[in-house]
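Some notes on the structure that comes next.
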Amino acid sequence: MTPERRTKVGIIGAGPAGLMLSHLLHRDGIDSVVLESRTRAYVEQRVRAGVLEQGTVDLLDASGVGARMRREGLVHHGIEIRFGGMGRRIDFPSLTGGRSIVVYGQQEVVKDLIEARLADGGTILFEATDTRPHAFDTNEPSIRYTHDGNPHALACDFIVGCDGFHGVSRQAMPQGHLTVFERTYPFAWLGILAKAPPTHDELIYAYHDHGFALYSMRSPELTRLYLQVAPNEDRALWPDRRIWDELHARLETSDGWTLREGPVLETLVAPMRSFVAEPMQCGRLFLAGDAAHIVPPTGAKGMNLAIADVRVLARALADFYASGREDKLRAYSQACLARVWRAEHFSWWMTSMLHRFPNDDAFGNRLQLSQLEYITTSIPAATSLAENYVGLPFADS
Ligand SMILES: Cc1cc2nc3c(=O)[nH]c(=O)nc-3n(C[C@H](O)[C@H](O)[C@H](O)COP(=O)(O)OP(=O)(O)OC[C@H]3O[C@@H](n4cnc5c(N)ncnc54)[C@H](O)[C@@H]3O)c2cc1C
């Protein structure tokens, strides 16, 4: 098929990774096209992550898409860890030289990026289906796709797969090219979004005999709450009353703090998985974000890693177009994987410390309690948690 459209960088997927990459490339004068299988309304309403690391916040600001986040996002200077009926706070700025996080929904980041791309004349083709990376082992790759019922081809210099864990880009790489590292967990998260004003102004991570619970918020009117449940939990077994009872049991402390209830607007069951595919490149096809790696959400790292990947890739592509040199492109995978593995470890560690494991005995339980005691009373241990949570500085910043 003769490609009827040409761009420099063809991007598959309009999640945080694909949109941010297209935005950063535009700022360097590099043309790109984003192909997204879903509708604009769908991607703008898909509720997922909500914690932005300091580096992500700074990058949104520096690249001109941080204004609404600054107005509407909630700056948090710490988190609380609860166990044994007591809460203990980890203070981020004092432990990390002034760094913090911002609670701002992933769907809001996506809305801001789509608005910026379209205002800058960028091209995002929604409802582009049957997407397939093609000839990425040559210098003339293309992306085949279907749009408005017709087959098309997009010619480009590079293809970037930002199409999430279930996308086509990773699968398109030849068999044997990737090495996969994976861990699944014997639990999932049941999440609810409730129309209830928060009764605490920071996230609460609770370890309880019944299992883990997370208290978070999306706005002054909305709370977002999670419960550890069995993997593939049947939502029907969890009427709203049971969810609230369990949240009260796992989150409340002996000092009288109570949870405020409200109508449940949404529920989801999220599986927990750690996954890394190496390398994040094959010829002129690159992977970024969830297409290459997944973390369990306990460390709030997924979206932040996606943004960190495309920051590295945008710089490498800018260097290529400015100088013709490919060394930064060749180093892309290695540069990202150092940060990815740090986040993999942190996410696994937080998950292991805070969840009850089905076959764990009293010994395992005592080890978890000892670790919780340590990270909430030792400044060096709390510092390690805090600096990973707010996000380590980018390697080149
Ligand atoms: C239910 C859930 C809850 C989560 N909660 C948290 C959390 O609390 N904290 C946290 O840090 N992370 C969380 N995550 C992870 C976080 O949302 C992801 O890490 C983040 O979305 C990664 O961004 P991405 O752009 O790489 O991928 P995605 O956001 O998955 O975007 C990929 C895009 O590609 C599109 N696409 C897929 N296949 C194709 C195709 N063949 N052709 C064209 N387009 C395609 C998809 O429609 C999507 O728009 C959660 C994830 C899930 C699923």
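The values are calculated or read from the model by the stated rules, or taken from the named source; none is laboratory data. For clarity, every value in this text was computed on a predicted model and none was experimentally measured. We place every Cβ from the backbone using ideal geometry, glycine too, and count neighbours over all the protein chains shown. Calculation scope for accessible area: heavy atoms of the full protein, side chains included, ligands and nucleic acids excluded. Shrake-Rupley method; radii C 1.70, N 1.55, O 1.52, S 1.80 Å.
Please check: in the Gaussian network model of the chain (C-alpha springs, under 10 Å), which one of Gly164, Gly18, Gly176 has the largest mean-square fluctuation.
Of Gly164, Gly18, Gly176, the most mobile in the Gaussian network model is Gly176.
Extension gain Asp209-Gln171, at 0.36 nm per residue separation less the Cα-Cα distance, in nm?
Here the segment from Asp209 to Gln171 would lengthen by 9.6 nm.
Excluding residues on the same chain fewer than 8 positions from Lys195, give the aspartates and glutamates whose Cα lies under 14 Å from its Cα.
By straight Cα distance, Lys195 reaches Glu221, Asp240, Glu261, Glu266.
Taking 0.36 nm per residue of sequence separation and subtracting the Cα-Cα distance, how much length would be gained by fully extending the chain between Arg183 and Asp28, in nm to one decimal?
Length gained between Arg183 and Asp28: 52.0 nm.
Give me the 1.4 Å probe accessible area per residue for the chain, excluding ligands and nucleic acids, in Å².
Per-residue value: 42 Å².
Report P(r) for segment 283-397: all Cα-Cα distances, bin width 10 Å, range 0 to the bin holding the largest distance, values in whole percent.
Distribution as computed: 12, 35, 27, 16, 8, 2, 0 percent.
Show me, for segment 257-273, the HN-Hα J-couplings you get by feeding each phi into the Karplus relation (A = 6.51, B = -1.76, C = 1.60, θ = phi - 60°), rounded to Hz, glycine and proline as x.
4, 10, 8, 8, 8, x, x, 7, 8, 8, 9, 8, 10, 10, x, 10, 8
Within segment 210-236, find all residues whose amide N lies under 16 Å from a label point positioned 7 Å from the Cα of Asp245 along Cα-to-beta-carbon.
Inside the label zone: 210-211, 236.
What is the set of long-range amide H partners of Thr131 at a cut-off below 5 Å, with H atoms built 1.01 Å from backbone N?
Thr146
Kindly state, to the nearest 0.05, the FRET efficiency for Glu4 paired with Glu44, given R0 = 22 Å and r defined as their beta-carbon distance.
Approximately 0.20, to the nearest 0.05.
Most fluctuating residue of Glu266, Glu202, Glu233 in a GNM of the chain with Cα springs under 10 Å: which is it?
With Cα springs under 10 Å in the chain, the top fluctuation among Glu266, Glu202, Glu233 is at Glu266.
Bin width 5 Å, origin at 0, all Cα-Cα pairs of segment 53-176: what percent of pairs per bin?
With a bin width of 5 Å, the distribution comes to 2, 8, 12, 13, 13, 12, 12, 10, 7, 6, 3, 1, 0.
How compact and how long is segment 196-289, expressed as Rg and Dmax of its alpha-carbon atoms in Å?
Over segment 196-289's Cα set, Rg and Dmax evaluate to 17.4, 59 Å.
Specify the inter-centroid distance of segment 1-68 and segment 136-156, based on alpha-carbon positions, in whole Å.
So the separation of the two Cα centres works out to 19 Å.
Once both axes come from the Cα atoms, what is the angle between helix 332-354 and the longest principal axis of the chain, in degrees from 0 to 90, rounded to 10?
Here the helix axis deviates by roughly 20 degrees.
What is the calculated FRET efficiency for Gln371 to Thr146, with r their C-beta to C-beta distance and R₀ = 45 Å, to the nearest 0.05?
For R0 = 45 Å, the calculated efficiency reads 0.30.
Alpha carbon centre of segment 207-264 versus segment 357-382: separation in Å?
So the separation of the two Cα centres works out to 22 Å.
Mind checking the angle between helix 379-390 and the chain's longest principal axis? C-alpha axes, 0 to 90 degrees, to the nearest 10.
Between the helix axis and the principal axis of the chain, the angle is about 40 degrees.
Convex hull over the Cα atoms of segment 145-201, averaged projected area in nm²?
Seen from a random direction, the Cα hull of segment 145-201 projects 9.8 nm² on average.
Calculate the radius of gyration of the Cα atoms of the chain to one decimal place, then report Dmax, the largest Cα-Cα distance, as a whole number, both in Å.
Computed over the Cα atoms of the chain, radius of gyration and Dmax are 21.5, 70 Å.
On C-alpha positions alone, give me the angle between the axis of helix 240-251 and the longest principal axis of the chain, in degrees, nearest 10.
Approximately 70 degrees, to the nearest 10.
Arg46's amide H: which non-local residues (gap 5+, or another chain) put their own amide H closer than 5 Å, with H modeled 1.01 Å from N in plane and none for Pro or chain starts?
The list, which skips near neighbours in sequence, is empty: none.
At 222 nm, what value in deg cm²/dmol follows for the chain if DSSP H runs of at least 4 each add -39500 (n - 2.57) and the sum is divided by all its residues, to the nearest 500?
Value at 222 nm, helices only: -11000 deg cm²/dmol.
What does the charge count around Glu80 come to, taking other residues whose C-beta lies under 11 Å from its C-beta (Lys +1, Arg +1, Asp -1, Glu -1)?
Local net charge: 0.
Which one of Pro198, Pro358, Pro133 has the biggest mean-square fluctuation once the chain is modelled by GNM with Cα springs under 10 Å?
Looking only at Pro198, Pro358, Pro133, the largest GNM fluctuation is found for Pro358.
If you average 1/r over every pair of different alpha-carbon atoms in segment 1-74 and take one over that average, what Kirkwood value in Å do you get?
Averaging 1/r across every pair of different Cα atoms and inverting gives 14.1 Å.
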